[in-house]
Amino acid sequence: MLIHPMVERLRGLGLTAMADAFIEMQSSSAADDLPREDWLGLLLDREVTSRENKRLDRRLHYARLRQNAVIEDADLRTPRGLDRGLFQKLATCSWIREGQHLLIGGPTGVGKSWLACALGHKACREGFSVLYRRAPRLFADLATARGEGRLARQMATLERARLLIIDDWGPEPLNAEQRRDLLEIVDDRDGSGSLLITSQVPIGRWHEIIGDPTLGDAILDRVVHRAHRIELKGESLRKRHAIATSESLTNAKEK
């Protein structure tokens with residue numbers, strides 16, 4: 001069998017992973033006794049896996065998640081109000097398939113952003129397009145886009161994401177333009193995508209942050225009634241980690 005022409009043909013067809021697997025199997029004595037069907041199956045598996053990994057890499061690059069977090073590393077033992085059953089249900093991404101939302105609240109440092117990024121990462125693994133934005137940066141970018149005549153294009157980019165993560169919502173009140181932008185973002189989610197919002201501001205004060213009763217009702221009516229909620233509590237995990245690290249260093253010095 002002419003190996004190199006076959007490998008070049010596979011590469012020419014864009015089957016690079018299959019070509020690499022073919023070369024590896026040719027040099028492996030363990031593959032000599034495999035039936036032709038198993039050979040072909042292994043080659044196809046390698047190509048499919050390679051393409052899936054590349055698609056995942058593209059989705060993660062597009063998402064721009066702030067933290068490198070995965071649900072498998074979630075701390076479910078520390079008492080902070082994170083319900084294990086609800087978290088495991090959210091990790092299936094069924095809420096995204098059904099066009100529902102997720103609101104994660106709690107004081108600073110309890111892991112809201114980490115959980116948001118972990119669930120965003122899982123959504124990417126499940127094949128959903130995800131886009132992460134911190135609220136202050138989101139509104140600043142929209143203001144710049146408005147000034148440069150790119151607002152419609154910017155809004156279209158947000159709308160295309162199946163899951164839009166808005167991190168660190170509040171506590172600064174919105175101005176008139178930000179209120180209108182938020183209403184449009186929320187309205188675009190209706191029937192076409194999900195929102196994940198993290199905030200240290202209790203939901204009962206969101207009307208105050210929005211700053212307009214009518215727009216506040218319109219925005220919250222579209223979000224809150226279709227949303228799962230996680231209310232985290234407890235002291236800052238960063239503070240707890242810093243104390244644990246300090247104690248560990250102190251004990252090491254004493255020894």
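Over the residues of the chain, the helix contribution to mean residue ellipticity at 222 nm works out to -17500 deg cm²/dmol, using -39500 (n - 2.57) for each DSSP H run of at least 4. Gain on full extension, evaluated as 0.36 nm per residue between ASP221 and ARG160 minus their Cα-Cα distance, stands at 19.8 nm.
Dividing the C-alpha radius of gyration of the chain by 2.2 N^0.38 Å, with N its residue count, gives 1.32. Here the residues LEU163, LEU90, ranked from fewest to most Cβ neighbours within 10 Å of their Cβ, fall in the order LEU90, LEU163. Would you mind telling me the antiparallel percentage of the DSSP bridges in the chain, rounded to 5? Among the beta bridges of the chain, antiparallel pairing accounts for roughly 0 percent. The residues THR108, THR198, when put in order of fewest to most other Cβ atoms within 10 Å, stand as THR108, THR198. Approximating the spin labels as points 7 Å out from Cα along Cα→Cβ, the ASN53-to-MET6 distance works out to 2.3 nm. If you bin all the Cα-Cα distances of the stretch 1-152 at 10 Å, starting from zero, the percentages per bin are 9, 26, 22, 19, 16, 8, 1.
Note on ARG64, ARG134: ascending count of other Cβ atoms within 10 Å places them as ARG64, ARG134, the fewest first.
Here the Kirkwood formula, the inverse mean of 1/r across different C-alpha pairs, assigns the stretch 148-239 a hydrodynamic radius of 14.3 Å. Exposed loop sites are taken as GluC sites (Glu not before Pro) in a DSSP loop (any state but H, G, I, E or B) with at most 14 other beta carbon atoms within 10 Å; the longest stretch of the chain without one runs 1-97.
No value in this document is a laboratory result; all are computed from the given coordinates. What you see is a predicted model, and the numbers here were worked out from it, not measured in a lab. Virtual Cβ from ideal backbone geometry, glycine too; neighbours counted across all protein chains shown.
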